[in-house]
Amino acid sequence: AEALSIVSVNGGNPVIAGATFTMQVQAQDAEGIPAEVEADTEVTLTLETGTGILSGNLSGTILEGTTSVTITGILYDTAEENVSITASANGLTSATSNAFTVIAQTYALTLSSNIPGAGVLTGAGLYEEGEEITVTAQVNEGYSFVSWTFDDESVASNEEEYTFNMPAEALNLTA
């Protein structure tokens, strides 16, 4: 083996800021063909481009007689584009991943009506923690709005238009 290659970042799935992800690093010969290492080879990951902090598990071992290692438990704390990571090992040429995008963690906001057909609810979707959201209940003729309630039936608001900041969890509001 002469060089490292980064085969995949998170198995092709999106990388989410603050959530663990994986990288598969492979040893290759001069032609770019997978090659077995002759001794256990420690691979270390470092941040090449990006303004965030790379942390978590930043190393793994390609075992003697094998060609690759999947490093799990890697963390990156910032949602941004053009992040790249370099894999290094003694005696092998380093490799840098293609630039990838780290996306923000989002949480689902679902809206439901106590009485189906009583009106139109708007504002459901996926939101980042802390994002300001306004939900509205447009009541049909013959019905009256009472309140927005949480799953535990506590009242969130008595107003048809309710503005709040998204928590770090999925949320269901009932009108």
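The values are calculated or read from the model by the stated rules, or taken from the named source; none is laboratory data. A quick note: this is a predicted structure, and the numbers were derived from the prediction, not measured. Note: ideal-geometry Cβ built from the backbone for every residue, glycine included; neighbour counts use all protein chains shown. Side chains included, ligands, DNA and RNA excluded: accessible areas come from the protein's heavy atoms. Shrake-Rupley method; radii C 1.70, N 1.55, O 1.52, S 1.80 Å.
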Problem - Conditions (1) in a loop (DSSP other than H, G, I, E, B); (2) touching a Ser or Thr at 6+ places or on another chain (Cβ under 8 Å); number of the one not met by residue 173 - result: (1)
Exercise for the section: May I ask you to list the residues in the stretch 45-82 that are part of a strand (DSSP E or B), open to solvent by 50 Å² or more (accessible area, probe 1.4 Å), of a type outside the set (A, V, I, L, M) and farther than 13 Å from residue 17 by Cα? Expected result: 46, 48, 49, 61, 70, 72, 82
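Can you pull out every residue in the stretch 89-98 that is of a type outside the set (A, V, I, L, M, F, W, C) and open to solvent by less than 40 Å² (accessible area, probe 1.4 Å)? Walk me through it before giving the result.
Taking the stretch 89-98 and keeping what is of a type outside the set (A, V, I, L, M, F, W, C), we get 90-91, 93-94, 96-98.
Scanning the stretch 89-98 gives a single hit, 97.
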Handout entry: Total residues in the stretch 120-139, condition on the phi > 0 side of the Ramachandran plot and in contact (Cβ under 8 Å) with a residue 24 or more places away in the chain
Key = 1
Completion exercise
Within the stretch 120-169, of all residues that are in a loop (DSSP other than H, G, I, E, B), over 27 Å from residue 78 (Cβ atoms) and hydrophobic (A, V, I, L, M, F, W, C), the one least open to solvent (accessible area, probe 1.4 Å) is 145
Problem - Subset of the stretch 83-119 [more than 20 Å from residue 31 (Cα to Cα), under 28 Å from the mean Cα position of the chain (by Cα) and part of a loop (DSSP other than H, G, I, E, B)] - result: 99, 104, 105
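With 1, 30 as the choices, which residue is in contact (Cβ under 8 Å) with a residue 12 or more places away in the chain, touching a Leu at 6+ places or on another chain (Cβ under 7 Å), open to solvent by 20 Å² or more (accessible area, probe 1.4 Å) and outside any strand (DSSP E or B)?
Details: 30 fails: touching a Leu at 6+ places or on another chain (Cβ under 7 Å).
Selected residue: 1, the only one of 1, 30 that is in contact (Cβ under 8 Å) with a residue 12 or more places away in the chain, touching a Leu at 6+ places or on another chain (Cβ under 7 Å), open to solvent by 20 Å² or more (accessible area, probe 1.4 Å) and outside any strand (DSSP E or B).
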Handout entry: Evaluation of residue 35 against (1) of a type in the set (A, V, I, L, M); (2) crowded, with 17+ Cβ neighbours inside 10 Å; (3) touching a residue at least 40 places away in the same chain (Cβ under 8 Å) (one fails), failing number
Key = (3)
Practice task
May I ask you to say which residue of 142, 117, 73, 91 is on the phi > 0 side of the Ramachandran plot and free of Cβ contacts under 8 Å to residues at least 12 places away in the same chain?
Solution key: 142
Practice task
Considering each residue of the stretch 104-119, count those that are under 30 Å from residue 12 (Cβ atoms), of a type outside the set (Gly, Ala, Ser) and either at pLDDT 95 or above or surrounded by 15 or more Cβ atoms within 10 Å (Cβ to Cβ) (or both), and give that number.
Solution key: 4
